[in-house]
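Participant: Structure incoming, see below.
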Amino acid sequence: MPDKRENIRIGVFICHCGSNIAGYLDVEELEAFAKTLPNVAFVVRNLYTCSEGGINEIKNAIDEQNLNRVVVASCTPRTHEPLFRSSCAEAGLNPYLFEMVNIRDQCSWVHMREREKGTSKAKDLIRMGVAKAALLEPQEPIISEVHAARALVIGGGIAGMTASIALGDRGYEVVLVEKEERLGGMLNRLNMLGPTMTDAGDMVKEKIETITDHPNITVFTRATVTDVDGFIGNYEVDIETKSGNEKVDIGVIIVATGGRLFVPEGLYGYDGRRVITQLEVEEVLGRGLDPAVKNIVMIQCVGSRNEERPYCARICCQTAVKNAILITEQNPDAKVSILYRDMQMYGVENEEMFRDSKVKGVRFIKYDPARPPRVEEGKVSVFHSLLGREMDLLADLVVLSTPVVPQEDADVTSKILTVPVDENGFFLEGHVKLRPLDFATDGVFLCGSARFPANIRETVAQGLGAASRASIPLSKGFVVVEPIISVLADEDACRGCGLCVALCPYSALEVRDTEKGRKVHVIDVSCKGCGVCAATCYQHALSINSFTDQQINAQIAAFLN
Amino acid sequence: MLDVGRHPNIDLLAYSEVEKLEGRSGDFKVTVRRKARYVEEDKCTGCGACKEKCPTVVPDAFNVGLGDRKAIYSWFAQGIPSTHTIDPEHCRQLKGKKCGVCAKTCLAEAINFDQKDRLVEIGVGAIIVATGYDVFDPSQIFEYRYKEIPNVVTSIEFERLLSASGPTAGHAGRPSDLAVEAEIEALEKKAGRLQRAITKFEDKYVESSSAFSKKYQDGEYKDDKDRKRWADKYAEHLAILETIEPIKKKAEGFTVAKRLAFIQCVGSRDFRFYPFCSGYCCMHSIKEAIIAHEHETETTSTIFGMDIRAVGKGFEQYKIRGGNNSNITYIRGRVAEIMEGPDNNPVVTYEDTRERRVKSEEFDMVILATACAPGRGTIETANLLGIELDRYDFVKTDPLSPVDTTTPGIFVCGCSVAPLDVPESVSQASSASERAAEVVFQSDLKKEKAVA
Ligand SMILES: Cc1cc2nc3c(=O)[nH]c(=O)nc-3n(C[C@H](O)[C@H](O)[C@H](O)COP(=O)(O)OP(=O)(O)OC[C@H]3O[C@@H](n4cnc5c(N)ncnc54)[C@H](O)[C@@H]3O)c2cc1C
Ligand SMILES: Cc1cc2nc3c(=O)[nH]c(=O)nc-3n(C[C@H](O)[C@H](O)[C@H](O)COP(=O)(O)OP(=O)(O)OC[C@H]3O[C@@H](n4cnc5c(N)ncnc54)[C@H](O)[C@@H]3O)c2cc1C
Ligand code: SF4
Ligand code: SF4
């Protein structure tokens, strides 16, 4: 390994990218310029540095020219940095002694008609890259073993049960922790499940049997997780169970704590008897509807899509339509009216159920939230916003469609696991589009209503999906992390104030008591190198590998020079 | 995409199709046709020099025909793999004419006109079908006149018009205006060519064209063939300049489309076509309206829909924000007809169900939120693999096992199952990979047991 700062020998490779760069910049001038830069021992131009020939040229030069730093001025690191890094490694140079300068996307492509100015900008970019390269330090990838190939699943609803069975079937040990006496979650309280009208009880029973018989799944009911320590692959989890406390080693965690149905106290005369929720109507239908109940009015969006709870809870419309169909089946002369704002019967199956309900005589009446329906004794008055007039509907039973809301203790779970919740209190995934089942923190995953209200089809898919995501570190047995992460470069400077800990989006920092007092500690496998901590620390105690203050200052100085 | 291209455990066979399936869950044999690209994948660096020089211009399918590409092309700039491909339908060389410009241009020597389709056989434990959907063709709805009125476009076309890498670099230029601009460009090109020819004559005969033309009209040089060509070219040039002037004047007034109408459920929730709801279109119309407003703050958008189905995480808030901050008006009603008004402006006739009145309104551009049609690729693949489809031709699944097809060992995800947005598709992709991994794990276990 080359000695630090002693006899730095930088090789600069300038790529023509066919004509993408050479067509717009004076590459010969760039070559001549690079030769004049400090510490530069070798400069060459390639037609394509990324082609086999170009790569060989890098490798040979490292060997023949004794290079100990490599700079490639070409396209974007997004596509090509890994290739060039591994080429350095193949030639025996630490891959982190490589720096890439983008003179294509950020230069030749944007200055196609300004050859001179573009060339001069490319010179600046190369000079900056070379200045930084001189200060680069070798790094080793961080490999952390997964000590416990065991998953913790919190919550035993359909989401948690599906995930547990999937992981169990893949041969991993699973510890399933359920707060209630019985597994099954919300499904324990439901009657028939739309759109197929399957018996919810049967479904739960079948899943519970599979889990009870499963050799790889340990279930704790009437249990909660009280503490989680550690990081991906190496968690130590405290579980409080009905028969005492347990401590288990865990590799990955799945949050499947579901949600609960909002109880509309004080809204539309809710009394739990004549004015009830969809959950209560499920129970009524399970027992059998009183044949005397002939006129039923359902009101949608009760407690949702308002200022307090601005979201649409996704499944209440389909639940209402399902129950309306079941009512007409149990009591063929029953008249069901659904008062709605928008009928959210998205997709194929819901829209089919919607049509089916209309065939069965269910009436749909659009109301305006500015003129909400009024529930009175034996009737509901509503302004029919499409007919443009008030109407009275007889009502022996009023059913309020209220949203699924987060669990009351979601914030406790969120604190124990240091994972975030969103503005509505649901758990917040790593990326709403692209990482829907991961938390930003590695090693923790989510699925089901804990993430957002979802029907069974969606919940089962998410349960399987979360299991798949969680199985990746378990099957690899280790986690490899790019060493471009935060390090406590100046331990003495750290005052242990914890400002950085509070800001880290990945829970990668903690304050520990050490011989020198309270000091921050970087959990390197959790760190993503985003740099928030280093930028925050007023003591400059933290630093990001390959983006140290010194390296960046050198780049700035080179630019201003 | 990049992650797929770079992943050590993923063997990406792009520009390929499955031809045959044998075997069963845990032990399938798949035959794949690797179509000839006429470009060596391992040599091509994706630099694109070839397509710069290729003389054959073809409408660009990626930009849904709104722009052009060459006969040698990469599907789109960030495509993985970045390997270019020659389109044998259009390439001059492959059509038997003389060309080969790309081969001369390519410094990596990657062009190979002799490449042939190859069949490869691979053994796999499980299969995941992710062949997606097709965009509904709205010309089937005659009353919307998609084919006749240039400024009636589909959402996917508008998506390209709004994209920074699209044919208009993100400015929502109207197709009718773009067509005029293309006409001007073509005329100018032609005028330029004529101008060069004329200059040559002027140099040759050391005389200005106008002076020459006067003499020629007066009957001089009657039998001089060369000078006749000069006169013809000059006349043609003048004629072009004359036509170009008023068009250019007109084009000066062109701005981006500012009054947008989005029409929901085009082909969806419609018994003539697809009775189902396509699920994602309400949201992408809101998204496109918000982006159009970001690009040009004077933009106003009207979204015509039966219900606005903003059911995903954060969607309702997004919809309300769109209304408050991005000048979006939501009108409940189905559009009956679109006609063409003055200035190529589409005129939309609709029933405003809240006011119970039939109204019509003029817009700069109308965007049709087309249905998620079951994919032809999905139907073909399903037939080939022997998995069942549902009554609409999506892959048949059960709500309780949402990614299992009717054949063990074959799983499915994304819009092949039903219309799904990106987060739902991504979740399902993980689900399908879980089920596939279970199969592979169980069959490995069986093999181990068999050995033991
Ligand atoms: C009235 C109603 C009717 C419905 N009808 C249908 C239908 O017909 N068809 C359909 O597809 N879907 C229907 N649904 C939706 C369906 O109920 C959900 O999709 C499903 O229950 C979500 O499952 P889950 O596992 O995510 O959450 P849940 O079922 O809520 O399960 C979560 C579990 O986690 C446990 N838990 C919570 N916090 C903790 C903790 N801190 N520690 C340990 N355990 C914890 C809970 O006790 C519970 O057992 C309906 C929903 C409602 C409200
Ligand atoms: C205009 C528009 C805007 C949208 N905007 C958004 C948005 O903002 N946010 C959002 O969440 N969703 C949006 N969507 C929805 C989004 O497009 C889908 O959720 C997503 O594309 C589904 O992904 P998929 O992989 O299932 O299918 P696809 O994207 O259709 O991919 C299927 C792939 O399979 C390939 N294929 C097909 N047949 C075969 C075969 N026989 N052999 C091999 N390969 C084959 C196809 O070439 C294609 O590459 C939008 C949709 C439209 C139409
Ligand atoms: S699903 Fe229906 S009832 Fe529920 S919040 Fe959304 S629109 Fe309202
Ligand atoms: S998502 Fe909206 S536009 Fe699309 S089909 Fe459903 S209701 Fe119609």
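Participant: How much net charge surrounds A:GLU90 when only other residues with a Cβ under 12 Å from its Cβ are counted (Lys, Arg +1; Asp, Glu -1)?
Facilitator: Within the 12 Å Cβ shell, the charges total +1.
Participant: Something else: Once the whole set of protein chains is in place, how much accessible area is left on B:ASP421, using a 1.4 Å probe, in Å² to the nearest 10?
Facilitator: Rounded to the nearest 10, that gives 40 Å².
Participant: Find, among the GluC sites (Glu not before Pro) in region A:434-523, those assigned to loop by DSSP (not H, G, I, E, B) with at most 11 other beta-carbon atoms within 10 angstrom.
Facilitator: Listed in order of number, the matching sites are A:GLU515.
Participant: Positive end of the dipole of chain B, charges at C-beta (+1 Lys, Arg; -1 Asp, Glu), about the Cα centre: which of B:HIS90, B:GLY305, B:PHE212 has its Cα farthest in that direction?
Facilitator: Farthest towards the positive end: B:PHE212.
Participant: Then there is this: Put +1 on the Cβ of each Lys and Arg and -1 on the Cβ of each Asp and Glu in chain A; which of A:VAL225, A:LEU387, A:GLN278 then has its Cα farthest toward the positive end of the dipole?
Facilitator: Positive-most Cα among the choices belongs to A:LEU387.
Participant: Can you give the calculated 222 nm mean residue ellipticity of chain A, where each DSSP H run of n ≥ 4 adds -39,500 (n - 2.57) and the sum is split over every residue, rounded to the nearest 500 deg cm²/dmol?
Facilitator: Dividing the helical sum by the residues of chain A leaves -9500 deg cm²/dmol.
Participant: Also, I was wondering about something else. Protein chains only, probe 1.4 Å: how do B:TRP230, A:TRP109 rank by accessible area, largest first?
Facilitator: Numbers: B:TRP230 0, A:TRP109 105 Å².
Of B:TRP230, A:TRP109, the descending order of accessible area is A:TRP109, B:TRP230.
Participant: Then there is this: To the nearest 20 debye, what is the magnitude of the charge dipole of region B:375-451 about its Cα centre, counting +1 on the Cβ of each Lys and Arg and -1 on the Cβ of each Asp and Glu?
Facilitator: Approximately 240 debye in magnitude.
Participant: Kindly report the accessible area of region A:263-402 per residue (heavy atoms of protein chains, probe 1.4 Å, no ligands, DNA or RNA), in Å².
Facilitator: 40 Å²
Participant: For the protein assembly as shown, count the residues as N, evaluate 2.2 N^0.38 Å, and divide the Cα radius of gyration by that value, please.
Facilitator: So the protein assembly as shown has a normalised radius of gyration of 1.09.
Participant: Please work out the FRET efficiency for the pair A:ASP549 and A:GLN65, using the Cβ-Cβ distance as r and a Förster radius of 35 Å; give the result to the nearest 0.05.
Facilitator: Rounded to the nearest 0.05, the efficiency is 0.70.
Participant: Express the relative contact order of region B:36-116 as a whole percentage, based on alpha carbon pairs under 8 Å and six or more residues apart in sequence.
Facilitator: Relative contact order here is 42 percent.
Participant: Let me ask something else about it. Based on the Kirkwood radius over alpha-carbon pairs, what is the Stokes-Einstein translational diffusion coefficient of chain A at 37 °C with 0.692 mPa s viscosity, in µm²/s?
Facilitator: Details: Rh = 27.9 Å.
Value of D from the Cα-based Kirkwood radius: 117 µm²/s.
Participant: Suppose each label sits 7 Å from its Cα in the direction of the beta carbon; what would the B:VAL57-A:ASP124 distance come out to in nanometres?
Facilitator: Label-label distance for B:VAL57 and A:ASP124, simple model: 3.6 nm.
Participant: So what's the net charge close to A:LEU393: Lys and Arg +1, Asp and Glu -1, counting the other residues with Cβ under 9 Å from its Cβ? Spell out each step's value before the answer.
Facilitator: Numbers: positive: A:LYS335, A:ARG363, A:LYS379; negative: A:ASP392.
Once all neighbours under 9 Å are counted, the net charge is +2.
Participant: Continuing with this model, one more query. Label points 7 Å out from Cα along the Cβ direction at B:ASP226 and A:ASN39: separation in nm?
Facilitator: 6.8 nm
Participant: Between the chain alone and the structure with every protein chain in place, find the residues of region A:168-217 that drop at least 50 Å² of accessible area; heavy atoms, 1.4 Å probe.
Facilitator: Residues of region A:168-217 that lose at least 50 Å² of accessible area once the other chains are added: A:ASP169, A:ARG170.
Participant: Go from 0 up to the bin containing the longest alpha carbon distance in chain B, width 20 Å each, and give me the % of pairs per bin.
Facilitator: For chain B, the binned pair fractions read 19, 43, 29, 8, 1, 0 percent.
Participant: Roughly to the nearest percent, how much of the accessible area of region B:303-376 is carbon and sulfur, given a 1.4 Å probe?
Facilitator: Summing carbon and sulfur atoms, their accessible area is 45 percent of the total for region B:303-376.
Participant: Still on this structure: In Å, what is the Rg of the alpha-carbon atoms in region B:217-331, and how long is Dmax?
Facilitator: 26.7, 81
Participant: With every protein chain in place, what's the accessible area of B:ILE320 (1.4 Å probe, Å², nearest 10)?
Facilitator: Solvent-accessible area, nearest 10 Å²: 80 Å².
Participant: Hey, another quick one. Once the piece of chain linking A:GLU246 and A:ARG389 is laid out straight, how much longer is it, given 0.36 nm per residue of separation minus the C-alpha distance between them? Can you show the working numbers first?
Facilitator: Details: separation 143, 0.36 × 143 = 51.48 nm, distance 6.31 nm.
The A:GLU246-A:ARG389 span can extend by a further 45.2 nm.
Participant: Treating only the Cα positions of region B:375-451 as identical point scatterers, give the base-10 log of I(q)/I(0) from the Debye formula at each q in 0.13, 0.17, 0.20, 0.24 Å⁻¹.
Facilitator: -0.42, -0.67, -0.85, -1.10
Participant: What stretch of chain B, leaving out the sites themselves, is the longest with no trypsin sites (Lys or Arg not before Pro) in a DSSP loop having at most 12 other Cβ atoms within 10 Å? Can you show the working numbers first?
Facilitator: On the way: sites that count: B:LYS95, B:LYS97, B:LYS98, B:LYS116, B:LYS147, B:LYS222, B:ARG272, B:ARG356, B:ARG391.
For trypsin sites (Lys or Arg not before Pro) (loop position, at most 12 other Cβ atoms within 10 Å), the longest site-free span of chain B is B:1-94.
Participant: In addition: How big is the accessible area of B:VAL439 in square angstrom, nearest 10, if you roll a 1.4 angstrom probe over the protein chains?
Facilitator: 30 Å²
Participant: What net charge do the residues around A:GLY498 carry, taking every other residue with its C-beta under 12 Å from that of A:GLY498, with Lys and Arg at +1 and Asp and Glu at -1?
Facilitator: Local net charge: +3.
Participant: May I ask you to list the GluC sites (Glu not before Pro) in region A:309-384 that are in a DSSP loop and have at most 11 other Cβ atoms within 10 Å of their Cβ?
Facilitator: Answer by residue number: A:GLU377.
Participant: Which value, in debye to the nearest 20, describes the size of the charge dipole of region B:177-252 about its Cα centre when Lys and Arg Cβ atoms bear +1, Asp and Glu Cβ atoms bear -1, and nothing else is charged?
Facilitator: Using only the charged Cβ atoms, the result is roughly 300 debye.
Participant: Within straight cross-link reach of B:LYS214, meaning Cα distance under 19 Å, which lysines are found once same-chain residues fewer than 8 apart are removed?
Facilitator: B:LYS200, B:LYS204, B:LYS222, B:LYS225, B:LYS228, B:LYS233
Participant: Holding the Cα-Cα limit at 21 Å, pick out from B:LYS70/B:LYS98; A:LYS117/B:LYS189; A:LYS205/A:LYS360; B:LYS215/B:LYS248; B:LYS70/B:LYS250 the pairs that are longer than that.
Facilitator: Pairs exceeding 21 Å: A:LYS117/B:LYS189; A:LYS205/A:LYS360; B:LYS215/B:LYS248; B:LYS70/B:LYS250.
Participant: Still on this structure: Helix-derived [θ] at 222 nm for chain B: sum -39500 (n - 2.57) over DSSP H runs of at least 4, divide by residue count, nearest 500?
Facilitator: That comes out to -11000 deg cm²/dmol.
Participant: Under a point-charge model restricted to the Cβ atoms of Lys and Arg (+1) and Asp and Glu (-1), what is the dipole moment magnitude of the protein assembly as shown relative to its Cα centre, in debye to the nearest 20?
Facilitator: Working: 123 positive and 146 negative charges, 448 e Å.
It comes to approximately 2140 debye.
Participant: Now a separate question. Averaged over peptide A:454-461, how many Cβ atoms belonging to another chain are found within 10 Å of each residue's Cβ?
Facilitator: Per-residue shielding by partner chains comes out at 6.
Participant: Right, something else. Among DSSP bridges having both ends in chain B, what percentage is antiparallel? Round to the nearest 5.
Facilitator: Values: 38 of 59 bridges.
Around 65 percent antiparallel, to the nearest 5.
Participant: I've got another one for you. State, to one decimal in nm, how far the label point of A:LYS358 lies from the label point of A:ASP396, with both points 7 Å from Cα in the Cβ direction.
Facilitator: Each label point lies 7 Å from its Cα, and together they span 2.7 nm.
Participant: From zero outward in steps of 5 Å, how is the percent of C-alpha pairs of region A:482-545 spread across the bins?
Facilitator: With 5 Å bins starting at 0, P(r) equals 4, 22, 35, 26, 12, 2.
Participant: Summed for both chains, how many Å² of accessible area, to the nearest 100, are buried between B and A with a 1.4 Å probe? Before the final figure, lay out the partial values.
Facilitator: Details: alone 25230 and 26220 Å², together 46510 Å².
Buried area between the two chains comes out at roughly 4900 Å².
Participant: Just by accessible area at a 1.4 angstrom probe, what is the order of B:LEU12, A:LEU503 from largest to smallest? Spell out each step's value before the answer.
Facilitator: Numbers: B:LEU12 65, A:LEU503 90 Å².
Per-residue accessible area, sorted high to low, gives A:LEU503, B:LEU12.
The values are calculated or read from the model by the stated rules, or taken from the named source; none is laboratory data. Only a predicted model underlies this, so the values are computations on that prediction, with no experimental measurement involved. So basically every Cβ, Gly included, is an ideal-geometry build from the backbone, and we count neighbours across all protein chains shown. Note: accessible area is taken over every heavy atom of the protein model, side chains too, but ligands, DNA and RNA are not part of it. Shrake-Rupley method; radii C 1.70, N 1.55, O 1.52, S 1.80 Å.
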